[in-house]
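K.L.:
Let me begin by handing over the structure; questions about it come next.
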Amino acid sequence: MGLLSYETADIFIREDLAAAHRRAWQRIGQPGTWFRAERRLAIAAETRATRDCAYCAECKAALSPYAVEGSHRAGTDLPDNLVEVVHRIATDPGRLTRAWFDRARESGIGDAAFVETVGVVVTTVAVDMFCHAIGAPPHPLPDPEPGEPSRRRPAGAKPGPAWVPMLAPDDRTADESCLDNVYVSPDPTFVRRALSLVPREASGLFDMVDAQYLPGRLIPDVAGRHRAIDRAQMELIAGRVSAVNGCFY
């Protein structure tokens, strides 16, 4: 696959943003912490397949997605339990429940594997929706890179208010130094800790967030203008998008 590029886009795309998307796309095609590259790419491909899943559309339109019977239209050979997780996260994340998560765990998906799946899904959605927004075709998925997953679980990750264990700043070791771009304050918010059970996914996500939104160190500067629009305009757009997408953060 050629290098991800926005050179043919009809509008100007900042180079730091294009570079962040290139890094994100490269990560999808690399061995992860719990999955080989081929499995990560299959998760990305399945994320795209959710757009053609009639069962997902029916669940989304229903008062409760859990009252709808049927099965997903899979686009890959992922196991059914992982297809369910990918489809639900990609199409109706605002109505996921702890009971649903517990069923996913009981089906054999480990908590850290679940977190890595979330990381790949949200990365794929973010880049694909950016392409859709600027009227560009989605990028071809990268080729898989060889290698085995590290299967390294942070020793300091602990259960807490989330469905999965998270890593507090004081419990980090040198093995989790990649979180330096995530934990930009002494007491990072839970949204920044959310994927910390798989530090590489958390770091990769916020590498992209820094370009698509603002670097964490700049967030307290509400009066500064660090993008083409000012902070109030940015937050107005962010608030509207969050409301439409049912984001409760």
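The values are calculated or read from the model by the stated rules, or taken from the named source; none is laboratory data. Everything quoted here is computed from the prediction, not taken from an experiment. Cβ: placed from backbone, ideal geometry, glycine included. Neighbour counts: every protein chain shown. Accessible surface areas use protein heavy atoms only, side chains included; no ligands, DNA or RNA. Shrake-Rupley method; radii C 1.70, N 1.55, O 1.52, S 1.80 Å.
K.L.:
Which residues, counting only those in segment 71-101, are open to solvent by less than 30 Å² (accessible area, probe 1.4 Å) and assigned to a loop (DSSP other than H, G, I, E, B)?
P.N.:
Residues satisfying the conditions are LEU78, ASP92.
K.L.:
Spot the failing condition for LEU141; the list is (1) part of a loop (DSSP other than H, G, I, E, B); (2) at pLDDT below 95, and only one is missed.
P.N.:
In the conditions (1) part of a loop (DSSP other than H, G, I, E, B); (2) at pLDDT below 95, LEU141 misses (2) alone.
K.L.:
Could you tell me which of the residues ALA62, ALA54, ALA67, ALA19 is surrounded by fewer than 19 Cβ atoms within 10 Å (Cβ to Cβ) and touching a residue at least 60 places away in the same chain (Cβ under 8 Å)? Walk me through it before giving the result.
P.N.:
On the way: ALA62 fails: touching a residue at least 60 places away in the same chain (Cβ under 8 Å); ALA54 fails: touching a residue at least 60 places away in the same chain (Cβ under 8 Å); ALA67 fails: touching a residue at least 60 places away in the same chain (Cβ under 8 Å).
From the options ALA62, ALA54, ALA67, ALA19, the qualifying one is ALA19.
K.L.:
Looking at this structure, is GLU46 under 20 Å from GLY119 (Cβ atoms), open to solvent by 60 Å² or more (accessible area, probe 1.4 Å), at pLDDT 95 or above and not in a loop (DSSP other than H, G, I, E, B)? Walk me through how you get there before you give the answer.
P.N.:
Numbers: under 20 Å from GLY119 (Cβ atoms): yes; open to solvent by 60 Å² or more (accessible area, probe 1.4 Å): no; at pLDDT 95 or above: yes; not in a loop (DSSP other than H, G, I, E, B): yes.
No; evaluated as a whole, the condition is false for this residue.
K.L.:
How many residues are in a helix (DSSP H, G or I) and within 12 Å of ARG153 (Cα to Cα) if we restrict to segment 165-203?
P.N.:
From segment 165-203, those in a helix (DSSP H, G or I) are 169-171, 174-181, 190-193, 199-203; that's our starting set.
Next cut, within 12 Å of ARG153 (Cα to Cα) only: 175-176, 199-200.
Total meeting the criteria: 4.
K.L.:
Report, by residue number, each residue of segment 212-249 that is part of a loop (DSSP other than H, G, I, E, B) and of a type in the set (A, V, I, L, M).
P.N.:
Correct list: LEU214, ILE219, VAL222, ALA223, ALA228, ILE229.
K.L.:
Confirm whether VAL209 is open to solvent by 60 Å² or more (accessible area, probe 1.4 Å), part of a helix (DSSP H, G or I) and hydrophobic (A, V, I, L, M, F, W, C).
P.N.:
When the stated conditions are applied, VAL209 does not pass them.
K.L.:
Taking the condition in contact with a Pro (Cβ under 9 Å, 6 or more places away or on another chain), part of a helix (DSSP H, G or I) and at pLDDT 95 or above, does ASP128 pass?
P.N.:
yes
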